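Novice: Take a look at this one; I'll ask things after.
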Amino acid sequence: MAYSLDTLEYERLLELVARNAQTPMGMGRFADLRPKTSRQELENELAAISETITLNEEKQVTWSFSGLEDPSDAVAILKIKNATLEPNRLLELARVCSQALFARSAIQPEKENAPTLWQTVEQIPPTLLAALDRINKKLLPGGEIDDSATPELARIRRDISNQRARLTKSLESVMRSAGDAIQDEIVTMRNDRFVIPVKADFRGKVGGVAHGFSSSGATVFVEPLDAIEANNELQNLKGKEEREVARILFDLTEQLREQLPAVETAVSAVAELDFIKAKVEFARKFNAVVPEISAENTLDLVDARHPLLEENLRRLSADSDDLSSIRKRPASETEVRISKSKPDVDGTRQSIVPSSFTLTSGRSVMIISGANAGGKTVVLKTAGLLSLMAISGLPVPAKQARVPFYRSVLADIGDHQSLAANLSTFSSHMSNIAGMMHECVAPSLVLLDEAGTGTDPEEGSALGVAIVDYFRRQCGAQVIASTHYRGLKIYAANDPDVINASVEFDEKTLQPTYRLLLGLAGASSGIQIASRFGILPEVIETARQNLDISAQEAEAYLRRLQNETKQAEDLRIALEEEREAVAMKYANLDIEMGKKERARQKEFEQTLAETVDSFERQSKAFISTLEDKALKNKLEKERSARKAEMNRAAIAKVGSNRSVPPASAGARDASNVHIGHTPGTAPPAHAGGSDIAVGSRVITSFGNVGTVEKMDKEVAEVLVGGLRLREKLTNLQLAEEQAETRPAGSVPSGSRARGTERITTPLSIDGRDAAMELNLIGKTTAEAEYELDRFIDEAYLASLPRIRVIHGFGTGALKNFVHHMLKNHDLIERFAFAPPDQGGNGATIAELKL
């Protein structure tokens, strides 16, 4: 395996990506990162990045390891028999293992969607949690042993506290009796023993053991004779405390030592997850994509950008002083590739210009020509560095990327001249290329900057063609070479399997645009560039006169091709913009037409409803004037039958007038205009109830769901709950039919207070209610309160029967806050933890009040 890592600045790239790591372990993984030799290992690493991006963006599942230290020293001590870990080391290990278990619990529900990530954390045993709980209960966050760690430690510390109080009280009594002999009436400590400050002149007035003098010598610290025994007892108690603390630490260490394989697995998982998360964060910051490893040896980069140059440009843009210094001199190609196509108000805005190209097994060579400082070297470095990133398992800054599983990426870029090694520019290039020929192993990518340069142009041109052709035919390599030599340009033009490319140069401004143009060679424009750098006009004119006629014609032809290509590209962009404008215009017309059609339908339905209501009022008024009861009853029945027929006809008419085909849409909208019914009632489905029989589940005119128990001609007796209602068959509707015509998961109008069955089974949410959930993981309690309150209101307005709130496990603070809020919310009937297959104790399902 051969890679030109130094030439392509691979180490600097790793440092850039490693900045996103949160732990020393994750950062250390980047220091050792190299291109993969196993395709399966590479595919796994890229899959892990894709899975993490999906979990973060689509599932809102994430993890963070900020504040963790490297526990490698603590793990090493665990491997030594009978060695005891210090409290801080125990806490370090506990924090790392706790974070690993948290990540495992976050990934486990999504393990089918993230098999690679699950494989990373699957082997962390949940039994490790018990050992961590013991550590967290006995050790305080600062590393101190909690008084309640053991009953013996609690007793010893109480005795120490009592002994200190007695000793202090005794010394205060001595100071009061000593009178003027005391310097300050403050009990202090010397040599870990309680003493009193005595004036040096009164040393003989207070009997006891001296424990030194103050810095001025005016005070001597005396341990009175009466306090010696009490101090000894205090020291004895402190010894007992130290032995008990050592025993507790040893026990905690032994419990972790029993879980050593689990601890090592957890530490390894945290390092791997942090390593993956750093790659994902890099991808987010640089708009990078996960590359596809091509099985057909195709290198396809779309809008590829050099990450180091982009980072450099961001840094310079943030510093106005640096920007000012950049503007005073021409931009260096190796420093940053810029574009003036989108100037700021002061004409100085700069942005990276991406490159796009494709190399295949059939067309494996690209020759890039064009102006100096136009971006040729940047294209080479971008292709090489992004290829190294892809086969190292890193996301690449591009819109799309397919990269072969290269076994070698070789580059001859820059001037390797060395006086110490007695190498000229030409000699250094030849020495480097000779080594590349020996190291090249297919599939490979070879990058040649100014192939054949440094010697006679004719010889250099012939040598450049021979070198490129050797790598192409003998090594089976994909080659990208930059050149100013006409021979290489002609080689590319005459061979259909070689891509001719150039970097664009603006003849009007005498500035490079850094755009890569495929399909034609570019002029070097050396004389024009020289004039831009301040070469005297007479020198420029002499150079033009000395340029031979054929060279002038070739340069003019290449410039003409570039201008025509630019014009064609500008025309394509203009046509594309015009096409988008026309598409937008037609889209707006469609929207306007839809609004007018809905307004027409609404007006039609309103007129139809008014007509039916008018018939209802007039017929009732006429019947009420009759005195013959038999005639009145007959006409009432006739009116009801005619009304039912009119309702059915109206519903059919409304449905046929709508652009939405389902009958349920028409029926639902017809019921909304109250054709012959009070609000909330269902329109009759069948004349005379021809499909309704004893035992049928029906919906009454009041919107209740009941069961038909008896039928008497045109009247049915319906059992609703504990009540029996008598309803005309024409006013009943089969409940099964309404369920079929209503979309899954919807709630009919009016069923909020009527016809909705209470939930008596344990709370759960099936697959149809997947949208009825709120994920609060990672939120603060203030954010959670706002989002949960709004979510409940929206669910209530949408007539949802129940909702699911995902709060995770964590410390339990978020879960407790959610339960407290649900308990006191006016719209919540009851709530409980979700079933095990729907999140268990990591989620709560709440039933809304009807």
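Novice: What Rg and what Dmax come out for region 558-636 when only alpha-carbon atoms are used, in angstroms?
Specialist: That works out to 32.9, 107 Å for Rg and Dmax.
Novice: In square angstrom, rounded to the nearest 10, how much accessible surface does residue 214 have for a 1.4 Å probe?
Specialist: 30 Å²
Novice: Sum up the charges of everything whose Cβ sits under 14 Å from the Cβ of residue 181, counting Lys and Arg as +1 and Asp and Glu as -1, but leave residue 181 out. Display every interim value, and only then the final one.
Specialist: Numbers: positive: 176, 199, 203, 205; negative: 180, 184, 185, 201.
Result for the local shell: 0.
Novice: Also, I was wondering about something else. Across every pair of different alpha-carbon atoms, what Kirkwood hydrodynamic radius in Å does region 6-58 reach?
Specialist: Values: mean 1/r = 0.0789 Å⁻¹.
With all distinct Cα pairs of region 6-58 included, I get 12.7 Å.
Novice: Along the charge dipole of region 98-212, Cβ charges K/R +1 and D/E -1, which of 117, 173, 202 sits furthest on the positive end?
Specialist: The Cα lying farthest towards the positive end belongs to 202.
Novice: Which whole-Hz couplings ³J(HN,Hα) result when phi for each residue of region 304-309 is put into the Karplus expression 6.51 cos²θ - 1.76 cosθ + 1.60, θ = phi - 60°, listed in order with x for Gly and Pro?
Specialist: 7, 10, 7, x, 5, 5
Novice: For 728, 637, what's the largest-to-smallest order of accessible area, 1.4 Å probe?
Specialist: Ranking 728, 637 by accessible area, largest first, yields 637, 728.
Novice: Taking K and R as +1 and D and E as -1, what net charge do the other residues with C-beta under 13 Å from the C-beta of residue 218 add up to?
Specialist: Residues near residue 218 contribute 0 overall.
Novice: Let me ask another. If you count only protein heavy atoms and use a 1.4 Å probe, how large is the accessible surface of residue 243, to the nearest 10 Å²?
Specialist: Rounded to the nearest 10, the figure is 150 Å².
Novice: Compare the peptides 176-184, 589-597, 94-102 by average per-residue count of other Cβ atoms within 10 angstrom and give them in order, highest first.
Specialist: So the peptides 176-184, 589-597, 94-102, ranked by packing, come out 94-102, 176-184, 589-597.
Novice: Further question: Scan region 156-229 for GluC sites (Glu not before Pro) in coil per DSSP, keeping those whose Cβ has at most 16 other Cβ atoms within 10 Å, and list them by number.
Specialist: Of the GluC sites (Glu not before Pro), the ones in loops of region 156-229 whose Cβ has at most 16 other Cβ atoms within 10 Å are 185.
Novice: Quick one: work out Rg over Rh on the C-alpha atoms of region 248-298, Rh as Kirkwood radius. Kindly include the intermediate steps, with their values, before the conclusion.
Specialist: On the way: Rg = 19.4 Å, Rh = 14.4 Å.
Reported Rg/Rh (Cα atoms, Kirkwood Rh): 1.35.
Novice: Ordered by residue, what ³J(HN,Hα) values in Hz, to whole numbers, does region 235-251 give under the Karplus form 6.51 cos²θ - 1.76 cosθ + 1.60, where θ = phi - 60° and Gly and Pro are x?
Specialist: 5, 5, 5, 5, x, 4, 4, 4, 5, 5, 4, 4, 5, 5, 4, 5, 5
Novice: Would you mind putting 628-635, 231-238 in packing order, based on average other-beta-carbon counts within 10 Å, highest first?
Specialist: Most protected by this proxy first, the peptides run 231-238, 628-635.
Novice: Based on the mean of other beta carbon atoms within 10 Å per residue, what is the order of 434-444, 41-51, 141-151, most packed first?
Specialist: Values: 434-444: 16.0, 41-51: 18.5, 141-151: 13.4.
Those peptides, ordered most packed to least, come out 41-51, 434-444, 141-151.
The values are calculated or read from the model by the stated rules, or taken from the named source; none is laboratory data. Computed from a predicted structure; not experimentally measured. Cβ: placed from backbone, ideal geometry, glycine included. Neighbour counts: every protein chain shown. Just so you know, the surface numbers come from the protein's heavy atoms only, side chains and all, with ligands and any DNA or RNA stripped out. Shrake-Rupley method; radii C 1.70, N 1.55, O 1.52, S 1.80 Å.
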